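Take a look at the structure below.
The values are calculated or read from the model by the stated rules, or taken from the named source; none is laboratory data. The shown structure was predicted, so the numbers you read here are calculated from the model rather than taken from an experiment. Ideal geometry is used to build each Cβ from the backbone, glycine not excepted, and the neighbour counts take in all protein chains shown. Areas reflect the complete protein model, heavy atoms only, side chains present, ligands, DNA and RNA absent. Shrake-Rupley method; radii C 1.70, N 1.55, O 1.52, S 1.80 Å.
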Amino acid sequence: MMRLVVVSNRVTMPERGEKVAAGGLAVALRSALEKHGGLWFGWSGTTSAEPSSRVEPVRLGNVSYAVVDLTEAERQSYYLGFSNRALWPLMHYRLGLTDFDRSDYAGYLGVNRRFAKLLVPQLKPDDVIWIHDYHLIPLAAELRRRGVTNRIGYFHHIPWPSAEVFGALPFSATLISTMTAYDLVGMQTQTDADNLIGGLVALRGAHRDGERVKAGPRETVVRPFPIGIDVESFRKLAVASVRAATQPIRATTGPLGGRKLVIGVDRLDYSKGIVQRLEAFGQFLRSHPEHRGNVGLLQIAPPSRSDVPEYAELDRQSDEVAGRLNAALGEFDWTPIRVVKKAYSRSALAGFYRRAQVGLVTPMRDGMNLVAKEYIAAQNPEDPGVLVLSRFAGAAHQMGEALIVNPYDTHEVAEAIRTALAMPQSERVRRFERLYATIAASDIGWWTSRYLAALTGAEAADKLAPPEPPRKASGATRKPAARQRATTRPAAKKPAAKTAIQPAQAANDAALGEKRGSFGQRAGSKPLPNAASPR
């Protein structure tokens, strides 16, 4: 039986009890490791005076954990520098914020080289290696240089830009060529997969044959695997949290009284569009003054990377915008916007989602955005809220029954909020049923098993396409959907990434037009001018 080796920038040790990170990807990876027996390798998250020269795995159950300390200089160059000031903005199409430094790039390559050196002695001949995210792009190439012939896969959790954008990075051709050291590269969407292949063709002269690309002796498969959440678990958290009326929910939503709630939950990051979202909510209140005093926005935004100047500036800017709007629009007994810059447990977040009539998920660019899926999973099937979703989030490729918006257009987002708050219950239920069926069919268990099946060759390629949203909502979806097996999925002839944008456009046509008098409008609606496919 194969052993699984997972490599990620950070390793979550179970005994550390990191409550906020206790779900999602960490749980899925740990479950896969326990199933196959395995090793989880990566940065400890701490620094030391001297670089680690060896690792000593700690075994807990069926999983071993091997962590490496970085020096402070490595943290500055590899993590804060090249990863988060060059690659992160570049991957999110923010060329103006991309800060390239040759010494940071050298540090990035150096850490990947040292990780490879420390990992090789831990490997066994039949291990399958699964590497995660942009911090570790060149790791497989470093392993190959040391003679590793194992199957190596990579999953990219954030967007991959077009060749023109990626090519603006110095040494872009060298860096992108290291992707051909992988046997399988997973992306969030078909667009991201096409962008990577297009970059290999344009920058390295690679040859493409569908999803297969070759720029040397090895053939690499690049394919979308849209990541999901543990839908059933999150649904149960939401139900339990509301029943328990936990203190954070009482304290945060209590002042609302009977008012409606719009919620946003994001790390404090410029890719999430938080400032633009606050402005859009202000525009909504100015355009529709009848809602003033009757609805509030709760934006949960725990700080991240506060030692990166761009993030400190975003922190200041979000406070300034919220303060300005509250001063201009608020009343003595009503504050329209509350920005809470702290992290909450998954249980508390699930309760907030269930309480909110509108989930406002409007990143400027996102690989997937799991908040969109968590919001749907948390809803009451009998009286669900409405998801307003950026068309530049990977989730828009799957979640076509959300109200799909352009986050750069504050007026469009404002009108989507109005539409969501006015939407009849029957229409809200219809949209919810389709969205829930989609996320349940492609949950985190589906994602993990499908990716590993493709990496190990355990399943035919034609059975690995991401599921399409169901064409027709089942009459039994509302209650039985929560009990569906997470690994089942509707039959799909094409990847959802190519098809789900059409329902998204139809959703806009039905809900956001200026002169539409009925929510029942479907086929034949005139498309909005900006309702084109993402990216």
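Can you confirm whether Glu313 is open to solvent by 40 Å² or more (accessible area, probe 1.4 Å), part of a helix (DSSP H, G or I), modelled with pLDDT under 95 and out of contact with any strand residue (DSSP E or B) (no Cβ under 8 Å at 6 or more places or on another chain)?
Yes, satisfied.
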Qualifying residues in region 292-309 (those that are open to solvent by 40 Å² or more (accessible area, probe 1.4 Å) and over 21 Å from the mean Cα position of the chain (by Cα)) - the one modelled with the lowest pLDDT: Asp307
Some residue of region 227-239 being in contact with a Lys or Arg (Cβ under 6 Å, 6 or more places away or on another chain), modelled with pLDDT under 95 and surrounded by fewer than 21 Cβ atoms within 10 Å (Cβ to Cβ): no
Residues within region 163-185 that are of a type in the set (Ser, Thr, Tyr) and either open to solvent by less than 10 Å² (accessible area, probe 1.4 Å) or within 16 Å of Pro89 (Cα to Cα) (or both), tallied: 2
Residue in region 85-103 that is within 17 Å of Gly42 (Cβ to Cβ), of a type in the set (Phe, Trp, Tyr) and open to solvent by 40 Å² or more (accessible area, probe 1.4 Å) present: no
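Regarding Ala215, is this residue over 28 Å from Val27 (Cα atoms), at pLDDT below 95 and buried (at least 17 other Cβ atoms within 10 Å of the Cβ)?
In short, yes.
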Residue count for region 176-201, restricted to those that are in contact with a Ser or Thr (Cβ under 9 Å, 6 or more places away or on another chain) and farther than 10 Å from Ser162 by Cα: 8
All positions within region 163-178 that are in contact with a Phe, Trp or Tyr (Cβ under 7 Å, 6 or more places away or on another chain) and outside any loop (DSSP other than H, G, I, E, B): Val165, Ser172, Ile176
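Results for (1) more than 24 Å from the chain's Cα centre (by Cα); (2) touching a residue at least 60 places away in the same chain (Cβ under 8 Å), shown as yes or no for each residue.
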| site | (1), (2) |
| --- | --- |
| Arg146 | yes, no |
| Ile158 | no, yes |
| Ala163 | no, no |
| Ala168 | yes, yes |
| Phe171 | yes, yes |
| Ser177 | yes, no |
| Gly186 | no, yes |
Region 398-408 - residue that is open to solvent by 20 Å² or more (accessible area, probe 1.4 Å) and in contact with an Asp or Glu (Cβ under 9 Å, 6 or more places away or on another chain) and, of those, farthest from Ile274 (Cα to Cα): Glu401
Long-range neighbours under 7 Å by Cβ, at least six apart or interchain, first residue surrounded by 24 or more Cβ atoms within 10 Å (Cβ to Cβ) within region 265-278, second acidic (Asp, Glu) and not in a strand (DSSP E or B): Lys272/Asp266; Ile274/Asp266
Some residue of region 108-125 being touching a residue at least 60 places away in the same chain (Cβ under 8 Å), within 21 Å of Val222 (Cβ to Cβ) and in contact with a helix residue (DSSP H, G or I) (Cβ under 8 Å, 6 or more places away or on another chain): no
Scan of region 58-81 for residues that are open to solvent by less than 60 Å² (accessible area, probe 1.4 Å) and not in a strand (DSSP E or B), ordered by number: Thr71, Glu74, Arg75, Ser77, Tyr78, Tyr79, Leu80, Gly81
Odd one out for Leu119 among (1) crowded, with 21+ Cβ neighbours inside 10 Å; (2) touching a Gly at 6+ places or on another chain (Cβ under 7 Å); (3) not in a strand (DSSP E or B): (2)
Every residue from region 135-162 that is assigned to a helix (DSSP H, G or I) and surrounded by 20 or more Cβ atoms within 10 Å (Cβ to Cβ): His135, Leu136, Leu139, Ala140, Ala141, Glu142, Leu143
In region 12-49, residue least open to solvent (accessible area, probe 1.4 Å) [restricted to those that are in a loop (DSSP other than H, G, I, E, B) and at pLDDT 90 or above]: Ser48
Where a residue in region 193-205 is touching a residue at least 12 places away in the same chain (Cβ under 8 Å) and in a helix (DSSP H, G or I) and its partner, wherever it lies, is among the basic types (Lys, Arg) and surrounded by fewer than 18 Cβ atoms within 10 Å (Cβ to Cβ), with Cβ under 7 Å and at least six apart: Ile197/Arg208; Val201/Arg208
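Considering only region 366-384, state which residues are within 14 Å of Gly273 (Cβ to Cβ), open to solvent by 10 Å² or more (accessible area, probe 1.4 Å) and not polar (S, T, N, Q).
Asp366, Val371
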Residue satisfying condition, being more than 18 Å from Val6 (Cβ to Cβ) and at pLDDT below 95, within set Leu90, Leu109, Leu97: Leu97
Region 316-336, residues that are in contact (Cβ under 8 Å) with a residue 40 or more places away in the chain, part of a helix (DSSP H, G or I) and surrounded by fewer than 18 Cβ atoms within 10 Å (Cβ to Cβ): Gln317, Ala328
Matching entry among Leu297, Leu360, Leu387 (being in a strand (DSSP E or B), aliphatic (A, V, I, L, M) and closer than 14 Å to Lys272 by Cβ): Leu360
Pairs with Cβ under 9 Å, 6+ apart, first in region 337-354 and more than 13 Å from Leu298 (Cα to Cα) and open to solvent by 30 Å² or more (accessible area, probe 1.4 Å), second in a helix (DSSP H, G or I) and of a type in the set (Asp, Glu): Arg346/Glu374
Residue check, Glu374 closer than 14 Å to Tyr353 by Cβ and not aliphatic (A, V, I, L, M): yes
